[in-house]
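As C-alpha cells, the structure follows; a few thoughts come after it.
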Amino acid sequence: MRAMRLKDVRTFTHRQLQGHTDRFRTSRAGEPFAMAVRPVLEEAEELAAEVAARTADPLTRAAVYVCVLLECGWQREQLAALGFDGQLLDAGDAARRHISRMRGFPPRAVRRATLIRECREFRFGDEPNIFKWTEELAKEAAGRPNFGTAATVRRLLDDLASEDVAVFWYAFTALTTLRVTEAIEPLLAARDRLRRQEGLLEELAEEAEWAAVSLMTPAHLPLALQVFTGPGVELLSGWVADYLRPFDHPAARAALERHDAAVERADRRTLGAYAADIPIPDGRDGFVRWLIDRVARNPYQGDFITALGTYGDASALPVLTATLGHEHGAMQARADRAIGAIGGRAARREAVLTVLRDPDAAHRRAAYAAGRLGLAEAVPELIAILRGGAQEAWPAAVAALTRLGASEAVPAILGLPRPVVGPSVRGGRHDLRLHALRRLGPGSAEELSQVEDLALAAIRWSVLNVRGGGGTALRDLATDVLARCDSPRATELVVQTLLHGTVRPALVRPLAERGDPALVEVMIHLVDTAADRTVRRLATDGILRAAHHPAADLDRLDKQLAWLRDATTRAWLEPRLPERPGRLERLAAATRAHPPRVRAQAVKSLALLGSPEALELVAGLREDPNRHVRACVEGALLQPPGGLSGAART
C-alpha cells in the first residue's frame, strides 16, 4: 500500500480519505469489522472539521483529522499502519500541541460520547480491551435495521475462522446477538480450532462452546449428543448439562448420570480436604447428613452451604434457615440460594418469615428477600426492625417496605434517627428514606411537615454537593417527594421547578392527579411548552380534573383556556369539560383551522357531542382536502350519536 503523504491529502475529500482507511481495514479484518470502524473514523472527521473551523492557524484538514485521532488514543504506529506517512503524523502532532494551547478548545470536540468512549477504552496494542470495544460495536451494529441479511451473516460466519481476535469476537458477538442458529456448527468448529491455539485465542474456546449451546433448540439434541457425550466423557460443562436435563432421552440421561457422579466425587474430595478429621460416609444420605453436621458446627463454611443446596433435601432446611439468620452476610446469601434450590419459592418464604420473627437473628438478608418475594405478611416484622432492630438491617428493611408498597411504614421510616444510605439511582448512594417516600407518599397530615423538611434538607445538600452529596440525582429525588406533598410550601417549590427547571413526568403526575384549580395555568404552560408527549398528556388530564373539581370557577377557566395555544388540545377538551356557553361555536371555529390535525380532532369532539347541530357540522367536512380529516368524518357519521369513544387526540 502506497504511503499517503501530506501533499496528497491537503485537498482530499472525506470520502477519499475514508476509502483509503476502509481498504486497509477490509484487507486486515474483513468487511463487517470495517463497517463497525467506519462510524468512528467518520466522527473523527466531523470533530476535525469543528476544530479546524475554530482556529485561525493555517492547519490542513487532514492534519487536524490526524490530531483528533491522536487525541482520542490512536497511536502513531497504528496510524502509520493505516498509511499515514511521518510528515503527516508530525503535522498532526503540531496541530495537537497548537490546539491544546488554544483558549476554549471545544469540549464537545474531545468528549463526544461515541468517539471518545470507544477510542479511550480501546487500544490496538492493549488486548484485554479489544473484547469490550468490539462487543459494543457488534451489538450496536446488530441493533440496526436490515443488518442481519443473508450476505452479512455469511461474512460473519466466515469471520469465525479468523485468527484476528477483534474480527473473531466481533463476528461471535453479532451472531449470538442475532440468534443465528446456522452459527452452531461453525462455533463448534471454532472451539476445536481454538483449543489447539496458545495465548488469548485458546481462552475463547469455552466462549465458543457456550455460544453454540445457547443457540441450540430441541431439534439440535442429536448434534449435542454426538459432540458432547460419549462413553469416555464423564464431566460436562455446566451449560451442556443444563441443556440436556429437560430431555427424556436414554443417551442424555446416561451422560447426566455420569456427569452428576463425577461432580459429586469431585465435591467429596474438595470438601473432605477441608474437614479431614471427620470422614465422609458413603451414599447420598450419609453425605447430606455429614454436610448438615458441618454447617451446624461452623456456619462460616460457605462451600458446605452451597453443597447442601446441590445435594440436600428437606432435612437440610432447618440448618439452612438458621444460617440465613447468621451475622455473616455472605453466608446469609449462600443459605438463601441453597434454600431456594431445595424447596423453591415456598421454602424461601417460610424461612424468611422464620428469621424475621426471631429477635436474636440477623435480619439483613431476610429483609431483602422479603421484598424480592413480595411477602406482604412480613410488613409488621419489617416495621419492627426499623423501630428496634439492628442498624445494619435498616437499608434492607426500608428497601423491602418500599418494594411492598407498605404506606403504613411511613411513620417508622420518618422516625429513623439518621439517614439510611444505600445503592440508589444512577449508581449513587442516597438516603433510602427519600426513595421510600417517593413510592409510598408522605403519609398522614401529621407527618407532612416532617417529610417536607427531609426533602428540603436533601435539596440543600444536593446544591452544596460536597463529599459526593448527590447533585442533580438527589435534587430530582427530593423534588419528586415534594410533588407528593399536598401543601402550599411544597407545591410552590414544585411549580417553580416546573416553570424554571427540569420538567419530568414524575413531577407533573402528582399535581395533575390532584386536580387543583389553582394549578390550571401551570398545566396550560406545560401543554404549550413541554417537549415530552407524556408530560403534555398528564397536563391535559390535570386541566380536565381541575375543571370537574367542586371548587372550579368555570368563568375563570374559560379565560384561562383562551391562553392555551394548542388548538388540538382545546378541541379535545371541549366535549369533556363541563358544559359552558359557546361550546358549539368554538368547535365550529376549530373545523375551519388550517392544521389538519386540529380539524380532525374537532370532528371527533363534535361526534362525541352527538347533537344534530354537531353532526351537521361534521357532515359539512366530507369534502375536506385532507384525507385523514375525511376518514374521521366518515368514521364519525357511521357511529351512533354520542357513541364515539373518548380516544386520545391524534
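The values are calculated or read from the model by the stated rules, or taken from the named source; none is laboratory data. Just so it is clear, the structure is predicted and the values come from calculations on it, not from any experiment. Cβ coordinates were reconstructed from backbone atoms using ideal geometry, including for glycine residues, and neighbour counts include every protein chain displayed. Note: accessible area is taken over every heavy atom of the protein model, side chains too, but ligands, DNA and RNA are not part of it. Shrake-Rupley method; radii C 1.70, N 1.55, O 1.52, S 1.80 Å.
Observations on the structure shown:
- Among (1) in contact (Cβ under 8 Å) with a residue 12 or more places away in the chain; (2) part of a loop (DSSP other than H, G, I, E, B) - the single one PRO417 does not satisfy: (1)
- Region 582-608 residues that are closer than 17 Å to ALA631 by Cβ, paired with ones that are open to solvent by 10 Å² or more (accessible area, probe 1.4 Å) and acidic (Asp, Glu) (beta carbon under 6 Å, 6 or more apart): SER605/GLU574
- Taking each residue of region 274-301 that is open to solvent by less than 40 Å² (accessible area, probe 1.4 Å) and looking for partners that are small (Gly, Ala, Ser) and modelled with pLDDT of 85 or more with beta-carbon atoms closer than 6 Å, six or more apart or interchain, yields LEU291/ALA307; ILE292/ALA316.
- The residues of region 556-584 that are open to solvent by 20 Å² or more (accessible area, probe 1.4 Å) and farther than 22 Å from LEU511 by Cα, listed by number, are ALA567, PRO575, GLU579, PRO581, GLY582, ARG583, LEU584.
- Residue identified as farther than 22 Å from VAL213 by Cα, at pLDDT 75 or above and assigned to a helix (DSSP H, G or I) among ALA138, ALA151: ALA151
- Single condition ASP486 does not satisfy, out of (1) within 28 Å of the chain's Cα centre (by Cα); (2) not in a helix (DSSP H, G or I): (1)
- Residue within region 344-362 that is of a type in the set (Val, Ile, Thr), at pLDDT 90 or above and surrounded by fewer than 22 Cβ atoms within 10 Å (Cβ to Cβ) present: yes
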